[in-house]
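Undergrad: I'd like to ask some things about the structure below.
What follows draws every value from the coordinates through simple rules; no lab data is involved. Only a predicted model underlies this, so the values are computations on that prediction, with no experimental measurement involved. Cβ: placed from backbone, ideal geometry, glycine included. Neighbour counts: every protein chain shown.
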Amino acid sequence: MGYCLYITRADNWRDAKYQPITAEEWLAVVGKDPTLSVNEKDFYDYKLEGGTTGRIHPVEWSESTDGNCFWWQHGAIECKNPSEAWISKMVNLAKDLHAKVLGEGNEEHM
């Protein structure tokens, strides 16, 4: 198990799909940040209501060597067991996305 933090626009991370950060928005932010890169080898396939499907790849941060990554899913960006450095990076990314960082208990990280 582990503890996840989420970059989301919702007040409850479970409601991210109602105020989503789109995959396109996320990838645009990733594309502007030279320290972030999409790992094309790993992925998961997803299916949304209405039958829409897609493939999501993890995003890696070059300033970290702990093997962690970001995953976009259901309108939020998730990071499992983030260190303080990862949390700081998430807060900065959230600003670019007009969002916030919430933990599993909906506590906000700033």
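Undergrad: From the backbone phi of segment 20-37, what are the Karplus-calculated ³J(HN,Hα) couplings (6.51 cos²θ - 1.76 cosθ + 1.60, θ = phi - 60°) in whole Hz, Gly and Pro given as x?
TA: Going residue by residue, I get x, 8, 6, 4, 5, 4, 4, 5, 5, 5, 4, x, 8, 10, x, 8, 10, 8 Hz, with x marking Gly and Pro.
Undergrad: Which order do peptides 3-12, 63-72 fall in by mean Cβ count within 10 Å, highest first?
TA: Ranking the peptides 3-12, 63-72 by packing returns 3-12, 63-72.
Undergrad: Assuming a viscosity of 0.890 mPa s and a temperature of 25 °C, what translational diffusion coefficient in µm² per second does Stokes-Einstein assign to segment 8-50, Rh being the Kirkwood radius over Cα pairs?
TA: Translational D for this selection: 197 µm²/s.
Undergrad: Another question about this same structure. Cross-link candidates for LYS47: which lysines have Cα within less than 16 Å, leaving aside residues fewer than 8 places away along the same chain?
TA: Correct list for LYS47: LYS17.
Undergrad: Okay, moving on. How high is the relative contact order of the chain, given as a whole-number percent (alpha carbon pairs under 8 Å, six or more residues apart)?
TA: 38 percent
Undergrad: In debye, nearest 20, what is the charge dipole magnitude of the chain about its Cα centre with +1 on Lys and Arg Cβ and -1 on Asp and Glu Cβ, if you could check?
TA: Dipole size: approximately 180 debye.
Undergrad: For CYS69, enumerate residues with amide H under 5 Å from its amide H, sequence gap 5+ or separate chain, H modeled in the peptide plane.
TA: Excluding prolines and chain starts, which carry no amide H, the hits are LYS80.
Undergrad: Then there's this: When the chain is modelled as a GNM with alpha-carbon springs shorter than 10 Å, which of THR35, THR52, THR22 fluctuates the most?
TA: Largest GNM mean-square fluctuation: THR52.
Undergrad: Could you work out the Kirkwood radius for segment 42-94, taking every pair of different alpha carbons, averaging 1/r and inverting it, reported in Å?
TA: Answer for segment 42-94: a Kirkwood hydrodynamic radius of 12.3 Å.
Undergrad: Please sort 75-85, 23-33 by packing, taking for each peptide the average over its residues of neighbouring beta carbons within 10 angstrom, highest first.
TA: Taking the mean over residues of other Cβ atoms within 10 Å, the ranking is 75-85, 23-33.
Undergrad: With θ set to phi - 60° and the Karplus curve 6.51 cos²θ - 1.76 cosθ + 1.60, what are the ³J(HN,Hα) couplings of segment 65-80 in order, to the nearest whole Hz, using x for Gly and Pro?
TA: Calculated HN-Hα couplings, in order: 10, 8, x, 6, 7, 9, 10, 8, 7, 6, x, 9, 10, 10, 9, 8 Hz.
Undergrad: Ordered by packing density, taken as the mean number of other Cβ atoms within 10 Å over each peptide's residues, highest first, how do 41-51, 91-101 rank?
TA: Per-residue Cβ counts within 10 Å, averaged per peptide and sorted highest first, yield 91-101, 41-51.
Undergrad: For the chain, what is the calculated [θ] at 222 nm in deg cm²/dmol (nearest 500), taking -39500 (n - 2.57) for each run of four or more DSSP H residues and dividing by its residue count?
TA: -6500 deg cm²/dmol
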